[in-house]
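What follows draws every value from the coordinates through simple rules; no lab data is involved. Given the structure is predicted, the values throughout are model-derived calculations rather than measurements. Note that each Cβ is placed from the backbone with ideal geometry, even for glycine, and that neighbours are counted across all protein chains shown.
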There are 2 protein chains.
Amino acid sequence: MKFCSHCGSRVALVIPAGDNRLRHVCTACNTIHYQNPRMVVGTLPVWENRVMLCRRAIEPRYGYWTLPAGFLENGESAADGALRETMEEACARVALIAPYTMVSVPAIDQLHLLFRAELLDLDFAPGSESLDVQLFGETDIPWDELAFRSVSLTLRTYFEERRTGQFGVHHFSLDALPRN
Amino acid sequence: MKFCSHCGSRVALVIPAGDNRLRHVCTACNTIHYQNPRMVVGTLPVWENRVMLCRRAIEPRYGYWTLPAGFLENGESAADGALRETMEEACARVALIAPYTMVSVPAIDQLHLLFRAELLDLDFAPGSESLDVQLFGETDIPWDELAFRSVSLTLRTYFEERRTGQFGVHHFSLDALPRN
């Protein structure tokens, strides 16, 4: 950020009075431009003993498999955003069951929130940001071709918990974990 | 937003190719400036049968009672943000137990995430954004002087569940609910 989005003047990095962090502050109108993490919301769609994955048609991680998810939009609840992304990426209708994993990724200023969901029918198809959409049983998951650590972490947690029949809600931070 | 934060030129409201929403797009460098909801993270600190509330020393809702919470910062996990806000607003040390309520407030582009937490000692005090910090039993909660609906909803849910001894994780959207 170099310019003020309100008045177009230059911004400077300053710690405002009463604050303890550097912020972009306008040198003319003094507007403080806060920058905050963005939320990625999506679902883990389940059909009988299989889960739905989408193969990405966009960067980053073109060609890798992911759960349907994307940036939460202004004016939208987390649940509505998760349903919208599932429709956009997989043309799939799901019913949300419960929040499942909440994965902070502070290195890229994101928080990923995935809901467990029940796939309502098999009438799904790749949306414009997907190359393919498929159902996978546990032994068929393409572990080496998953797009993001939040996806592999969510799938591993899901298959572990499925053995017990008891699902919790989990929060993680990806700082210290290895890639995949 | 009127000006591009990258180059300082005017922005226009345009639906970019492949998108379906109006975005602020720079008329000179074509940068798309996405705007997304912000997360408010905090805790519900519990000491024996009482919960901790802070009386706000800042607007909005100056003088009203709230749970310690504030905007998640870049580079921070949700859990770290919740601990930091609890320290800043109440100078209080807590141990997080689990995510508890996730309250979407789409009308103001926010999502509030509150963790159940155990207060570790009674050595707390108002931080610079609080007028007062106190512990309240269920019958003493100042229900008519709570700052935000996400706070009253979280407290009501907590006291209901405490009777059963079983705590879930809950997501809400505040669209349709009345104030408090």
Report task. Would you kindly calculate the mean projected area, averaged across all directions, of the convex hull enclosing the Cα atoms of chain B, in square nanometres? Result -> 12.5
Query raised in the report: How large is the charge dipole for the protein assembly as shown, taken about the Cα centre, if only the Cβ atoms of Lys, Arg (+1) and Asp, Glu (-1) carry charge, to the nearest 20 debye?
Result: 840
Report task. Please determine, in degrees from 0 to 90 and to the nearest 10, the orientation of helix A:149-164 with respect to the longest principal axis defined by the Cα atoms of chain A, where the helix direction is its Cα long axis. Result -> 40
Requested in this report: With a Förster radius of 22 Å, plug the Cβ-Cβ distance of A:Tyr34 and B:Arg61 into 1/(1 + (r/R0)^6) and report the FRET value to the nearest 0.05.
Outcome: 0.70
Report summary line: Honestly segment A:76-180 on the Cα gyration tensor test (a ≥ b ≥ c root eigenvalues; a/c under 1.5 rounded, otherwise a/b vs b/c for prolate or oblate) is just rounded
Requested in this report: List the relative contact order of chain A as a percent without decimals, with contacts defined as Cα pairs under 8 Å and 6+ residues apart.
Outcome: 21
Report task. Take chain B, connect every pair of alpha-carbon atoms lying under 10 Å apart with a spring to form a Gaussian network, then pick out the residue of B:Asp123, B:Asp19, B:Asp140 with the largest mean-square fluctuation. Result -> B:Asp19
Requested in this report: Sorted from largest down, give the three principal axis spans of the alpha carbons of the protein assembly as shown, whole angstrom values.
Outcome: 57, 56, 40
**Report entry** At R0 = 41 Å, FRET efficiency that the Cβ-Cβ distance of B:Asp144 and A:Leu122 yields, to 0.05
**Finding:** 0.20
Query raised in the report: Which angle between 0 and 90 degrees, to the nearest 10, do you get for helix A:78-90 versus the longest principal axis of chain A when only C-alpha atoms count?
Result: 60
Query raised in the report: Distances from B:Arg21 to the same residue in each other copy, label points 7 Å out along Cα→Cβ, in nm, shortest first?
Result: 2.2
Query raised in the report: With charges set only on the Cβ (+1 for Lys and Arg, -1 for Asp and Glu), what does the dipole of segment A:38-173 come to about its Cα centre, in debye to the nearest 20?
Result: 340
Report task. Give me the distance in nm between label points sitting 7 Å out from Cα along the Cα-to-Cβ direction at B:Thr164 and A:Trp47, one decimal. Result -> 3.2
Report task. Please order B:Cys7, B:Cys54 by the number of other Cβ within 10 Å, starting at the fewest. Result -> B:Cys7, B:Cys54
Report task. Shielding by partners for A:8-14, please: the mean number of other protein chain Cβ atoms within 10 Å of each residue's Cβ. Result -> 2
Query - chain A: calculated mean residue ellipticity at 222 nm from DSSP helix runs of at least 4, using -39500 (n - 2.57) - result: -5000 deg cm²/dmol
Requested in this report: Give the nm distances, rounded to one decimal, from A:Phe136 to the matching residue in every other copy, measuring between label points 7 Å along Cα toward the beta carbon; shortest first.
Outcome: 4.8
Query raised in the report: Is there a simple number for the mean count of other chain Cβ atoms within 10 Å of the Cβ of residues in A:97-104, and what is it?
Result: 4
Report summary line: When chain B is treated as a Gaussian network with springs between alpha carbons less than 10 Å apart, the largest mean-square fluctuation among B:Glu145, B:Glu76, B:Glu89 is found at B:Glu76
Query raised in the report: Among A:Leu83, A:Leu155, A:Leu122, which one shows the biggest mean-square fluctuation in a GNM of chain A, springs joining Cα atoms closer than 10 Å?
Result: A:Leu122
